[in-house]
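Input: a single structure, listed below in C-alpha cells.
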Amino acid sequence: MLFLWLLGSYLASTWILLRLIVPHLGFKKESLPNKLPLDFEAMLHKLSIESASNRDFLAKAYYYVTSHYRGSRIRTLANFWVAFQDPINHPPGFLPCTSQNYLLRLMLVKSKRFQESDIEVKVVPLNLFIHQYLRVHVDGEWIDVDPWSAFRGVPLGKKSAFIG
C-alpha cells in the first residue's frame, strides 16, 4: 500500500505539478516567438543553405544544439533554475531537456522546412526524472530526437531509455 501511495505521489508531482510550473514542459506546445535575435536568424539561414534536404537540416540543427548544450542528470536537479531562463539567449553549457527541445523545435519551424504538425513533444514520466524528447516527421517517417541524451551517447534517431 505504501508503494502505491509513493508511486501516486511521484506521478502527481511530476506529471501534473512540474508540467504546470516548468517552462516548455506543459501539456501542450508553447507558441514560438515571432521575432528572433538577428544572430540566431543568421545561423538558421546558414544551416538551411548548407542543408541538401530536410533530413540533413534536422541533423545539422541537432548537431548545433548538442554541440552548444549538454544534458546532465545532476545539473537537472542542482541547477533547476536554468529551466526558467530564456533558452534562445542562453550561453553554451548545460540546458535541461525542455530547453534543448524548445530550441530545436524553434530551429525546425523557423527554418520553414517543418511545420508544427511535423513535431511531437513527448514526455516520459517514469524516466527517473520526468523527461522530454521530440518526434519529428521527415521524409515520410517519424524520427525520435533527444538532444539532452547526447551526453550519454544516444544518437539522433534514438531516445533515452527508462531511467535515462
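The values are calculated or read from the model by the stated rules, or taken from the named source; none is laboratory data. Note that this is a predicted model, so its numbers are computed, not measured. Every residue, glycine as well, gets a Cβ built from its backbone with ideal geometry; the counts of neighbours run over all protein chains shown.
Out of curiosity, is ARG70 among the basic types (Lys, Arg), touching a strand residue (DSSP E or B) at 6+ places or on another chain (Cβ under 9 Å) and touching a residue at least 60 places away in the same chain (Cβ under 8 Å)? When the stated conditions are applied, ARG70 passes them. Just one of the listed residues (GLY71, GLY93, GLY26) is in contact with a Cys (Cβ under 9 Å, 6 or more places away or on another chain) and within 24 Å of GLY157 (Cα to Cα), and it is GLY71.
Looking across segment 76-104, just one residue is in contact with a Phe, Trp or Tyr (Cβ under 8 Å, 6 or more places away or on another chain), of a type in the set (Ser, Thr, Tyr) and modelled with pLDDT of 90 or more, and that is SER99. Within segment 12-27, can one find any residue that is loosely packed, with under 12 Cβ neighbours inside 10 Å and in a loop (DSSP other than H, G, I, E, B)? Yes: one or more hits.
The rows are residues; the columns are (1) more than 13 Å from the chain's Cα centre (by Cα); (2) in contact (Cβ under 8 Å) with a residue 40 or more places away in the chain; (3) surrounded by fewer than 21 Cβ atoms within 10 Å (Cβ to Cβ).
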{"residue": "ARG75", "(1), (2), (3)": "yes, no, yes"}
{"residue": "VAL82", "(1), (2), (3)": "yes, no, yes"}
{"residue": "PRO91", "(1), (2), (3)": "yes, no, yes"}
{"residue": "VAL123", "(1), (2), (3)": "no, yes, yes"}
{"residue": "HIS131", "(1), (2), (3)": "no, no, no"}
{"residue": "PRO147", "(1), (2), (3)": "no, yes, no"}
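Taking first residues from segment 39-58 that are more than 13 Å from VAL109 (Cβ to Cβ) and surrounded by 15 or more Cβ atoms within 10 Å (Cβ to Cβ) and partners that are at pLDDT 95 or above and among the charged types (D, E, K, R), the Cβ contacts under 7 Å between residues at least 6 apart in sequence or on separate chains come to LEU47/LYS60; SER51/LYS60.
Within the option set VAL65, VAL124, VAL154, being in a strand (DSSP E or B) and either modelled with pLDDT under 95 or of a type outside the set (Ser, Thr, Tyr) (or both) holds for one residue only, VAL124. Within segment 93-115, the only residue that satisfies the criterion of being of a type in the set (Lys, Arg), assigned to a helix (DSSP H, G or I) and crowded, with 20+ Cβ neighbours inside 10 Å is ARG105.
Within segment 52-60, the presence of at least one residue that is touching an Asp or Glu at 6+ places or on another chain (Cβ under 8 Å) and among the polar types (S, T, N, Q) is confirmed.
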